[in-house]
Amino acid sequence: MQTNTPPFWTVADVAQRFGVNVTTVYRLVKRGKIPAFKIGNQWRFDPARLQEWVADKERIG
């Protein structure tokens, strides 16, 4: 069964879901604060890893 959600999110997807500007997402990636990986010259994000990242931040904060 195929869903409409792509397996990996783009910078724009992450910015929209977290309610921040794309510049903020790029800044977090550059500082190594958010889990991401590069395909060619584009950043991609695994939704499951982002959920874990948020859960870790909630436990710490």
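The values are calculated or read from the model by the stated rules, or taken from the named source; none is laboratory data. Owing to the predicted nature of the structure, the values given are computational and were not obtained by experimental measurement. Ideal geometry is used to build each Cβ from the backbone, glycine not excepted, and the neighbour counts take in all protein chains shown.
Scanning segment 18-29 turns up at least one residue that is touching a strand residue (DSSP E or B) at 6+ places or on another chain (Cβ under 7 Å) and at pLDDT 95 or above. Scanning segment 38-58 turns up one or more residues that are basic (Lys, Arg) and modelled with pLDDT under 95.
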